[in-house]
1. For GLU114, state whether it is outside the structural domain of GLU434 (by TED's automatic domain parsing), touching a Lys or Arg at 6+ places or on another chain (Cβ under 9 Å) and more than 14 Å from the ligand (Cβ to nearest atom).
2. Mind listing just one residue for me: the one in segment 1-41 that is over 33 Å from the mean Cα position of the chain (by Cα) and of a type in the set (Val, Ile, Thr) and, of those, modelled with the lowest pLDDT?
3. From the list VAL82, VAL89, which one is over 28 Å from LEU20 (Cβ atoms) and not assigned by TED's automatic domain parsing to the domain that holds ARG413?
4. Would you confirm whether any residue within segment 423-433 is part of a helix (DSSP H, G or I), over 20 Å from THR364 (Cα atoms) and assigned by TED's automatic domain parsing to the domain that holds TYR391?
5. Report every pair of residues separated by at least 6 positions or lying on different chains whose Cβ atoms are under 6 Å apart, first residue within segment 356-372 and closer than 19 Å to TYR384 by Cβ, second among the acidic types (Asp, Glu).
6. Would you mention how many residues in segment 28-47 are touching a helix residue (DSSP H, G or I) at 6+ places or on another chain (Cβ under 8 Å) and closer than 17 Å to GLY98 by Cβ?
7. Identify the residue in segment 43-59 that is crowded, with 24+ Cβ neighbours inside 10 Å and β-branched (Val, Ile, Thr) and, among all such residues, is nearest to the chain's Cα centre (by Cα).
8. So, in segment 92-103, exactly how many residues are within 12 Å of the ligand (Cβ to nearest atom) and free of Cβ contacts under 8 Å to residues at least 60 places away in the same chain?
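The values are calculated or read from the model by the stated rules, or taken from the named source; none is laboratory data. Keep in mind that what you see is a predicted model, and the values were worked out from it rather than measured. No Cβ is skipped: glycine too gets one built from the backbone with ideal geometry, and neighbour counts run over all protein chains shown.
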Amino acid sequence: MENSKTLSQLTSETLAGKELRDYKTAIKGNLLLPGDKDYEKSRKVWNGMIDRRPVMITKCHNKRDIQKALEFARNHELSVSVKGGGHHVAGTAVLDQGMMIDLSDMKDIRIDLESRSVIVQPGVTWAELDKETEKHHFAVPGGVVSSTGVAGLTLGGGMGWLRRKYGLSCDNLLSAEVISARGEILQVNEHSHSDLFWAIRGGGGGYGIVSSFHFKLCPLPPEVMVCMVFYPATETKKILEFYRELAPTLVEEASTFLIYGTLPDEPFIPKESHGEDYLLIAGMYAGDKKQGERVFQPLRKISKPIADLSGPIKYTVWQTNFDADYPKEKLNYYWKSLFLNELSDQSIEKFIELGKNRPSKLTTVDIWQLGGAIDKVRPSESAYPHRNSGYLLGIESNWEKHLSNDKNIAWTRLAVKNFLSLSEGHSYLNFEDEGPENLKAALGRHHLKLQEIKRQYDPDHILF
Ligand SMILES: Cc1cc2nc3c(=O)[nH]c(=O)nc-3n(C[C@H](O)[C@H](O)[C@H](O)COP(=O)(O)OP(=O)(O)OC[C@H]3O[C@@H](n4cnc5c(N)ncnc54)[C@H](O)[C@@H]3O)c2cc1C
């Protein structure tokens, strides 16, 4: 919002006054101002590189608080950012100068076994939701790191280990309750505000504030078979050539990805391989364990592995398998992605080149296999535009804080640029940087329609 007031104007003109005290007493949650103990904690997001200072933070406890917060923001011409799990790599949950609406205290989860569905408030993380649904041998398809928020991940699409069997997180959304920028509470589904329902399934945030998500529950045994084989990176060409033949034949229960990175000094890796580059094939079979074991067998003997940690595991434990690689606030992060139709010889070559030239040992280059249930939804059915792409290339630049931000960011941007001619130039919203050009690349053919929907539900453009 162009006319947002500055911090100094607001503190002197408004925040010190009765209006602010009235606002504070009108909400059930907390109002946090610079200098308050919890302000610092709340303004922090997962990415250690993001350091933004909102004028004020409203920690909402219920939907009435959200309405009140939006009313206050409108009356004071404040832009608003929304924090669910705070994990978006671009730090979109927090903004300078405006109001942050922090929903992380809204944690209610209600499972209804009769309708096989669950209602989830917007502060819930995937770890919290998985724990509840697992008790009943169900899951909602989420992501692969358990600390991410259900809200942001679902709004941007949401791909994890159940993606090929049950689709994206947003494909499993039955309805939602959304509070429009003007404060109306809207019940949103296929029949009511269907345009908004379409937008929040893959179009990201900014169309309203979702105060609850209603998901379908998907059956899943508590224990699943996973594939987790580390090969030496020197074998990457051979492995990728094998993988591209096998991947299209894999059943939908199997979702896999490959990661090029550097081996940590961990006890599960033989000492002599610590610090060497690896290519990991990771996968999960969403079904019978024995069947899963058979399906993953060929991927475990392409070459001599450094370590093979494949085996049956509790789904909720597997969901935390990669958590330690992504510590909150401790590292700086900058990610980009590109959808690829195929793993051509040229893309394999470029992938290897990228892997070798990573400026930080913590950076990884990943290939996510797509297809299966993701492709069964027509691209026009929801805002998520990139159905039918075979693979997603993820470039996850992760580096220690004392290293150069500029160098790592520049490398990531160049890496994507070098891959552009091998793709149609589309990226994944959940792994994308801010800015109009990046947004266009992520929203693809749905960009203009989403702008139209934004104008309708947030005409004054207050939502960031
Ligand atoms: C370590 C890590 C692992 C990841 N793994 C995966 C993965 O496996 N699969 C995948 O698909 N993505 C993955 N992501 C990307 C992730 O999906 C996005 O970062 C997502 O935005 C995180 O959701 P959040 O609620 O934590 O984010 P936040 O940063 O809190 O929110 C992101 C944006 O979503 C919008 N938003 C959030 N809550 C609401 C709401 N209630 N109403 C309206 N708008 C809202 C806002 O615009 C906000 O700026 C990963 C990210 C990280 C950091």
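1. Against the criterion (outside the structural domain of GLU434 (by TED's automatic domain parsing), touching a Lys or Arg at 6+ places or on another chain (Cβ under 9 Å) and more than 14 Å from the ligand (Cβ to nearest atom)), GLU114 does not qualify.
2. Here the answer is THR11.
3. Result of the check over VAL82, VAL89: VAL89.
4. no
5. Listed by first residue and then by second, the contacts come to GLY372/GLU252.
6. 4
7. VAL45
8. 3
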